[in-house]
Amino acid sequence: MSNTQITAKTPAGTGTVNVTVTGPTGTSTQSVPFAYTTVATPVLTSLSPTSGPAAGGNTVTINGTSLTGATSVKFGLNSATILTNTTTQITVTTPAGTGTTNVTVTTPGGTSNTLPYTYVTTPTPVLTSLSPTSGPTSGGNTVTINGTNLTGATQVLFGPNPATILTNTTTQITVTTPAGTGTTNVTVTTPGGTSNTLPYTYVTTPVPMISSLSPTAGPTSGGNTVTINGTNLSEATLVKFGLNSAAILTNTATQITVTAPAGPPSSVNVTITTPGGISNPLPYFYIAAPTVADLSPHLGPATGTNTVTVFGSNLTLTSAVSFGGNPATAINVISDSQLTVTAPAGSGTVVVTVTTPGGTSTAATGNPYYTYLGAPVLTSLNPSMARTPAVTRWCWAAPI
């Protein structure tokens, strides 16, 4: 209060009244009207939903009129948490409760009529089976849990460790297992409680071992199929050629087939990763494709059988030499840049190619062309005959 201002709390009243102030010098005489406004009592028309779990915690929308400024929403004797509030709608989080109870809203205008809300007892989840019932100690595999009343699962535990829930229906849950050891109990928790237990066994997976590769070498472009033999190869998650991953085609406990990735000319280690760990390495050789730069000679008989020297590069591992599709024989590798072969029979001019684990050469560089020459054929003689020269006989007599 000051000489020019007073703050006061209004008494109850109705209609419009005059406000006066009385002090030591008297009572004010000015006309200062104050109107009492009647605040409408809140009216509820509907709830959505009209039922929920006994544990509470679900969201309910309350529709009606004159709901502005709600100070309390009660489900029976228990207060709900008000989330939003407009003149025609309130949303709340339900408290816990049982049975059917009355919902009311209180505002400055009073307390509303009641609407019924039913607490539903959620049945406890029941587990009937797991598939599979065992897995690696590292976890990460998918397990299907079958049962009843599984809807709304909030947690799946493998012993003390939570699994990652992937799918959830009323009769089935799929999860990704956590890491663990030994045999542990699996439980599912829903709003209805925690289920019975089912056993799950963590199995120590043996480390994979590689015994052989076939082939042990291939082209730098990759793309060829490599068979890897060994033990404990099941469930391979990764096959690497050096730093590069191969595409897994087939996988059993003793054999894996893969498509080799590309790599530079070099030797790399092949390894396999399974839930049991990383295998021992085996070497795989990337071989550059061979080239044919020249031949000696470039000509030969159509019948073949002559020796031809092939000059080029990356010829050491030559497995085949072709003359226009016909295989040469007697391959003799002299060095990485030279070999000799016995030419096959053929005709015309053909391309000579060399095949190694690195691939087959092309005619893109050098002079890999070889021409077959037919044997000479006589068609006529000119002249076809000749005169035999005459012989003159001489007689010589001795002088007398």
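Could you please find all residues in segment 266-303 being among the β-branched types (Val, Ile, Thr) and either within 30 Å of residue 342 (Cβ to Cβ) or modelled with pLDDT of 95 or more (or both)? Spell out how you get there, then give the answer.
At the first step, the residues of segment 266-303 found to be among the β-branched types (Val, Ile, Thr) are 268, 270-274, 278, 287, 291-292, 303.
268, 270, 271, 272, 287, 291, 292, 303 - these are the residues of segment 266-303 that are among the β-branched types (Val, Ile, Thr) and either within 30 Å of residue 342 (Cβ to Cβ) or modelled with pLDDT of 95 or more (or both).
If you take the residues in segment 49-62 that are open to solvent by 40 Å² or more (accessible area, probe 1.4 Å) and among the polar types (S, T, N, Q), which one is nearest to the chain's Cα centre (by Cα)?
So in segment 49-62, the residues open to solvent by 40 Å² or more (accessible area, probe 1.4 Å) come out as 49-51, 55, 57, 59.
Next, from what is left, pick out any that are among the polar types (S, T, N, Q): 50-51, 59.
Numbers: 50: 43, 51: 41, 59: 37 Å.
In this case the residue turns out to be 59.
Run down 72, 46 and say which single residue is among the hydroxyl-bearing types (Ser, Thr, Tyr), open to solvent by 40 Å² or more (accessible area, probe 1.4 Å) and either under 52 Å from the mean Cα position of the chain (by Cα) or farther than 16 Å from residue 103 by Cβ (or both).
Numbers: 72 fails: open to solvent by 40 Å² or more (accessible area, probe 1.4 Å).
One residue alone meets the criteria, 46.
Report whether or not residue 26 is on the phi > 0 side of the Ramachandran plot and open to solvent by 40 Å² or more (accessible area, probe 1.4 Å).
On the way: on the phi > 0 side of the Ramachandran plot: yes; open to solvent by 40 Å² or more (accessible area, probe 1.4 Å): no.
When the stated conditions are applied, residue 26 does not pass them.
Residues being assigned to a strand (DSSP E or B), touching a strand residue (DSSP E or B) at 6+ places or on another chain (Cβ under 6 Å) and of a type outside the set (A, V, I, L, M, F, W, C): count how many of those fall in segment 207-224.
Within segment 207-224, the subset assigned to a strand (DSSP E or B) is 209-214, 217-219.
Going one step further and asking which of them are touching a strand residue (DSSP E or B) at 6+ places or on another chain (Cβ under 6 Å), we end up with 209-214, 217, 219.
Pick out the ones that are also of a type outside the set (A, V, I, L, M, F, W, C) and you get 211-212, 214, 219.
Matching residues across segment 207-224 total 4.
Conditions (1) among the charged types (D, E, K, R); (2) surrounded by fewer than 16 Cβ atoms within 10 Å (Cβ to Cβ); (3) over 21 Å from residue 374 (Cβ atoms), marked per residue:
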site	(1), (2), (3)
285	no, no, yes
307	no, yes, no
311	no, no, yes
363	no, yes, yes
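From (1) in a strand (DSSP E or B); (2) under 30 Å from residue 174 (Cα atoms); (3) in contact with a Pro (Cβ under 8 Å, 6 or more places away or on another chain); (4) open to solvent by 30 Å² or more (accessible area, probe 1.4 Å), pick out the condition that doesn't hold for residue 129.
(3)
Residue under question is residue 3, and the condition is that it be modelled with pLDDT under 95, under 45 Å from the mean Cα position of the chain (by Cα) and polar (S, T, N, Q); does it hold?
On the way: modelled with pLDDT under 95: yes; under 45 Å from the mean Cα position of the chain (by Cα): no; polar (S, T, N, Q): yes.
No, not satisfied.
Tally up the residues in segment 325-342 that are in contact with a strand residue (DSSP E or B) (Cβ under 7 Å, 6 or more places away or on another chain) and open to solvent by less than 50 Å² (accessible area, probe 1.4 Å), please.
The total comes to 5.
Free of Cβ contacts under 8 Å to residues at least 60 places away in the same chain and not in a strand (DSSP E or B): does that describe residue 98?
On the way: free of Cβ contacts under 8 Å to residues at least 60 places away in the same chain: yes; not in a strand (DSSP E or B): yes.
Yes; evaluated as a whole, the condition is true for this residue.
Take the residues in segment 135-148 that are among the β-branched types (Val, Ile, Thr) and either assigned to a strand (DSSP E or B) or modelled with pLDDT of 90 or more (or both), then tell me which one is most open to solvent (accessible area, probe 1.4 Å). Reasoning before the result, please.
Initially, segment 135-148 is screened for residues among the β-branched types (Val, Ile, Thr), giving 137, 142-145, 148.
Cutting the leftovers down to either assigned to a strand (DSSP E or B) or modelled with pLDDT of 90 or more (or both) gives us 142-145, 148.
Working: 142: 79, 143: 0, 144: 34, 145: 0, 148: 62 Å².
For segment 135-148, the residue satisfying everything is 142.
For segment 102-125, does any single residue satisfy the condition of being open to solvent by 20 Å² or more (accessible area, probe 1.4 Å) and without any contact (Cβ under 8 Å) to a residue 60 or more places away in the chain?
Yes, there is a match, as at least one residue in segment 102-125 is open to solvent by 20 Å² or more (accessible area, probe 1.4 Å) and without any contact (Cβ under 8 Å) to a residue 60 or more places away in the chain.
Among the residues of segment 343-359, is any assigned to a loop (DSSP other than H, G, I, E, B), at pLDDT below 95, open to solvent by less than 70 Å² (accessible area, probe 1.4 Å) and in contact with a strand residue (DSSP E or B) (Cβ under 8 Å, 6 or more places away or on another chain)?
Yes - at least one qualifying residue is present in segment 343-359.
Scanning for something open to solvent by 40 Å² or more (accessible area, probe 1.4 Å), within 29 Å of residue 316 (Cβ to Cβ) and among the charged types (D, E, K, R), does segment 236-244 turn up at least one residue? Quick ask: steps written out before the conclusion?
Keep residues of segment 236-244 that are open to solvent by 40 Å² or more (accessible area, probe 1.4 Å), which gives 237-238, 240, 243-244.
Checking the rest, the ones that are also within 29 Å of residue 316 (Cβ to Cβ) come to 240, 243-244.
From what's left, among the charged types (D, E, K, R): 240.
Checked segment 236-244: at least one residue is open to solvent by 40 Å² or more (accessible area, probe 1.4 Å), within 29 Å of residue 316 (Cβ to Cβ) and among the charged types (D, E, K, R).
Considering segment 149-174 alone, what residues qualify as being open to solvent by 60 Å² or more (accessible area, probe 1.4 Å) and of a type in the set (Ser, Thr, Tyr)?
151, 154, 164, 167, 169, 170, 171
If residue 86 meets every condition in (1) open to solvent by 60 Å² or more (accessible area, probe 1.4 Å); (2) at pLDDT 90 or above; (3) touching a strand residue (DSSP E or B) at 6+ places or on another chain (Cβ under 7 Å); (4) more than 30 Å from residue 124 (Cα to Cα) apart from one, which number is that one?
(3)
Please state which of the following conditions residue 39 fails to meet, knowing it meets all the rest: (1) at pLDDT below 85; (2) open to solvent by less than 60 Å² (accessible area, probe 1.4 Å).
(2)
The values are calculated or read from the model by the stated rules, or taken from the named source; none is laboratory data. Because the structure is a prediction, the values reported are computed rather than measured. Heads up, the Cβs are rebuilt from the backbone with ideal geometry, glycines too, and the neighbour counts pull from every protein chain shown. Surface areas here come from the heavy atoms of the whole protein model, side chains and all, with no ligands, DNA or RNA. Shrake-Rupley method; radii C 1.70, N 1.55, O 1.52, S 1.80 Å.
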